[in-house]
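Peer 1: Have a look at the structure that comes next, please.
The values are calculated or read from the model by the stated rules, or taken from the named source; none is laboratory data. Keep in mind the model is a prediction, meaning the values are calculated, not measured. Cβ coordinates were reconstructed from backbone atoms using ideal geometry, including for glycine residues, and neighbour counts include every protein chain displayed. Each accessible area value is taken on the protein alone, full model and side chains, heavy atoms only, with ligands, DNA and RNA left out. Shrake-Rupley method; radii C 1.70, N 1.55, O 1.52, S 1.80 Å.
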Amino acid sequence: MNPLYIYNSLSRQKEKFEPLHPPFVGMYVCGPTLYSEAHLGNLRTYVSFDIVHRYLKFLGYKVRYVRNITDVGHLENDGDTGDDKIEKQAKLQHKEPMEVVEQYKQGYHKILELFNTLPPSIEPLATGHIPEQIEMVEKIMENGYAYDVNGNVYFNVRKYNEDHPYGQLSGRKIDELYNETRDLDGQQEKRDALDFALWKNVPKEHIMKWKSPWGNSGCPGWHIECSAMSQKYLGDEFDIHGGGMDLKFPHHEAEIAQSIGAIKKSPAKYWMHGNMLTFEGVK
Ligand SMILES: [Zn+2]
């Protein structure tokens, strides 16, 4: 088998690819939040990882490729405040959130087909994995890295950082992060501005809401779905985790912290990030 070298974002080095359990390879790539039509920028990531997928298969590996669809929990400003992107579209279009997701999912699949990409082995939806996400949040709480305030559960970044360095993937230091953290509504109840939501308490009139140990009406935070679904389908540790460069922080950094916080294992051996599609220097 020809050797394959991968630039690992985690080590910032080109490394020889050695799967954990050859000939099997597990690869997870963060998929889209389907609240609008897929655009070329989305496609760039999936086309890049299609090449990785095909090349791994060409080398003879048996690949399980998991690429999720985010259908709940992704808020407008990519943080812990604002409307859920899909819930907002559903209200605007007078539709069920699932109708919105279904509508854009069909368009997304059609475009991926036009670009001649191979489908993933599993395409899990966040709303289909609420119990798994709740279970993971419970484990993180049991380990002392999360706390509940009025039905909102936050990841305690500072506490975690005492035991495990936070920011390894993005190469950020915890003190530098304070300068980047915007002062947003709802942060007053967090113990620390860097803490991020694992579970959100939402008003009763919300369409997408679930019962949890923290209240009758809540929904998962954005980052926890990928930790829960990658673990479910690829195991505690798998080979490759990919996504667009813009997901490296905070999304992927949070994923690493959540997995280590829950099961003391870093999820992926190799982290791969595709760059942004730019036109005349603009995203
Ligand atoms: Zn993700």
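Peer 1: Go through the residues of the stretch 204-218 one by one and say whether even a single one is assigned to a loop (DSSP other than H, G, I, E, B), open to solvent by 10 Å² or more (accessible area, probe 1.4 Å) and at pLDDT 95 or above.
Peer 2: Let us first name the residues in the stretch 204-218 that are assigned to a loop (DSSP other than H, G, I, E, B), namely 204-209, 213-214.
Of the ones still in play, those that are also open to solvent by 10 Å² or more (accessible area, probe 1.4 Å) are 204-209, 213-214.
Still in the running and at pLDDT 95 or above: 213-214.
Yes, that holds for at least one residue.
Peer 1: I'd like the full set of residues that are within 29 Å of residue 118 (Cα to Cα), charged (D, E, K, R) and open to solvent by 10 Å² or more (accessible area, probe 1.4 Å), limited to the stretch 55-92.
Peer 2: Selection gives 57, 62, 64, 78, 85.
Peer 1: Of the residues that make up the stretch 15-30, is at least one among the hydroxyl-bearing types (Ser, Thr, Tyr), outside any helix (DSSP H, G or I) and away from the ligand (no atom under 16 Å from the Cβ)? Steps first, please.
Peer 2: So in the stretch 15-30, the residues among the hydroxyl-bearing types (Ser, Thr, Tyr) come out as 28.
Remaining after also requiring outside any helix (DSSP H, G or I): 28.
Among the residues that remain, those that are also away from the ligand (no atom under 16 Å from the Cβ) are: none.
No; the residues of the stretch 15-30 include none that is among the hydroxyl-bearing types (Ser, Thr, Tyr), outside any helix (DSSP H, G or I) and away from the ligand (no atom under 16 Å from the Cβ).
Peer 1: Ok, one more. Please count how many residues of the stretch 22-40 are touching a strand residue (DSSP E or B) at 6+ places or on another chain (Cβ under 8 Å) and not aliphatic (A, V, I, L, M).
Peer 2: The initial filter retains those residues of the stretch 22-40 that are touching a strand residue (DSSP E or B) at 6+ places or on another chain (Cβ under 8 Å), namely 23-34.
With the extra rule that they be not aliphatic (A, V, I, L, M), the set shrinks to 23-24, 26, 28, 30-33.
The total comes to 8.
Peer 1: Give 142, 123 a once-over and let me know the one that is under 23 Å from residue 235 (Cα atoms), within 21 Å of the chain's Cα centre (by Cα), modelled with pLDDT of 95 or more and acidic (Asp, Glu).
Peer 2: Values: 142 fails: within 21 Å of the chain's Cα centre (by Cα).
Within the list 142, 123, the selection yields 123.
Peer 1: Can you name the residue in the stretch 70-91 that is over 16 Å from residue 105 (Cα atoms) and in a helix (DSSP H, G or I) and is also nearest to the ligand (Cβ to nearest atom) among such residues?
Peer 2: For the stretch 70-91, the residue satisfying everything is 88.
Peer 1: Does residue 95 satisfy the condition of being of a type outside the set (Val, Ile, Thr) and either within 16 Å of the ligand (Cβ to nearest atom) or part of a loop (DSSP other than H, G, I, E, B) (or both)?
Peer 2: Numbers: of a type outside the set (Val, Ile, Thr): yes; either within 16 Å of the ligand (Cβ to nearest atom) or part of a loop (DSSP other than H, G, I, E, B) (or both): yes.
It is true that residue 95 is of a type outside the set (Val, Ile, Thr) and either within 16 Å of the ligand (Cβ to nearest atom) or part of a loop (DSSP other than H, G, I, E, B) (or both).
Peer 1: I would also like to ask the following. Out of all the residues in the stretch 183-230, which are in contact with a helix residue (DSSP H, G or I) (Cβ under 7 Å, 6 or more places away or on another chain) and within 13 Å of residue 136 (Cα to Cα)?
Peer 2: Scanning the stretch 183-230 gives 198, 199, 212, 213, 220, 223, 224, 225, 226, 227, 228, 229.
Peer 1: Separate question: Considering only the stretch 249-280, how many residues are touching a strand residue (DSSP E or B) at 6+ places or on another chain (Cβ under 8 Å), open to solvent by 70 Å² or more (accessible area, probe 1.4 Å) and among the hydroxyl-bearing types (Ser, Thr, Tyr)?
Peer 2: 0
Peer 1: Just the residues that are hydrophobic (A, V, I, L, M, F, W, C) and either in contact with a Lys or Arg (Cβ under 6 Å, 6 or more places away or on another chain) or open to solvent by less than 50 Å² (accessible area, probe 1.4 Å) (or both), please, taken from the stretch 230-248.
Peer 2: Filtering the stretch 230-248 down to residues hydrophobic (A, V, I, L, M, F, W, C) leaves 234, 238, 240, 245, 247.
Hits for the stretch 230-248 are 234, 238, 240, 247.
Peer 1: Here is a further query. Restricting the stretch 106-150 to residues that are part of a loop (DSSP other than H, G, I, E, B) and of a type in the set (A, V, I, L, M, F, W, C), which is most open to solvent (accessible area, probe 1.4 Å)?
Peer 2: Start the filter on the stretch 106-150 by keeping residues that are part of a loop (DSSP other than H, G, I, E, B), which leaves 115-121, 123-124, 143-145, 150.
If we keep only those that are of a type in the set (A, V, I, L, M, F, W, C) as well, we get 115, 118.
Details: 115: 98, 118: 54 Å².
Here the residue is 115.
Peer 1: Name the residues in the stretch 231-268 that are within 14 Å of the ligand (Cβ to nearest atom), of a type in the set (Val, Ile, Thr) and part of a helix (DSSP H, G or I), would you? Spell out the reasoning first.
Peer 2: Step one: of the stretch 231-268, the residues within 14 Å of the ligand (Cβ to nearest atom) are 231-234, 238, 240-259, 267-268.
Among the residues that remain, those that are also of a type in the set (Val, Ile, Thr) are: 240, 256.
Within the stretch 231-268, just 256 meets the criteria.
Peer 1: Something else about it: Is it the case that the stretch 32-40 has a residue that's more than 23 Å from the chain's Cα centre (by Cα), surrounded by 12 or more Cβ atoms within 10 Å (Cβ to Cβ) and away from the ligand (no atom under 16 Å from the Cβ)?
Peer 2: Quick first cut of the stretch 32-40, residues more than 23 Å from the chain's Cα centre (by Cα) only: none.
Among the residues of the stretch 32-40, not one is more than 23 Å from the chain's Cα centre (by Cα), surrounded by 12 or more Cβ atoms within 10 Å (Cβ to Cβ) and away from the ligand (no atom under 16 Å from the Cβ), which makes the answer no.
Peer 1: What pairs can you find where one residue is in the stretch 225-242 and under 16 Å from residue 71 (Cα atoms), the other is open to solvent by 10 Å² or more (accessible area, probe 1.4 Å) and within 13 Å of the ligand (Cβ to nearest atom), and their Cβ atoms are less than 7 Å apart, with a gap of 6+ or different chains?
Peer 2: Close Cβ pairs (under 7 Å, with a partner that is open to solvent by 10 Å² or more (accessible area, probe 1.4 Å) and within 13 Å of the ligand (Cβ to nearest atom)) amount to 225/129; 228/129; 229/129.
Peer 1: Checking the conditions here, which among 199, 271, 222 is under 16 Å from the mean Cα position of the chain (by Cα) and away from the ligand (no atom under 16 Å from the Cβ)? Spell out the reasoning first.
Peer 2: Values: 271 fails: away from the ligand (no atom under 16 Å from the Cβ); 222 fails: away from the ligand (no atom under 16 Å from the Cβ).
On inspection, the qualifying residue turns out to be 199.
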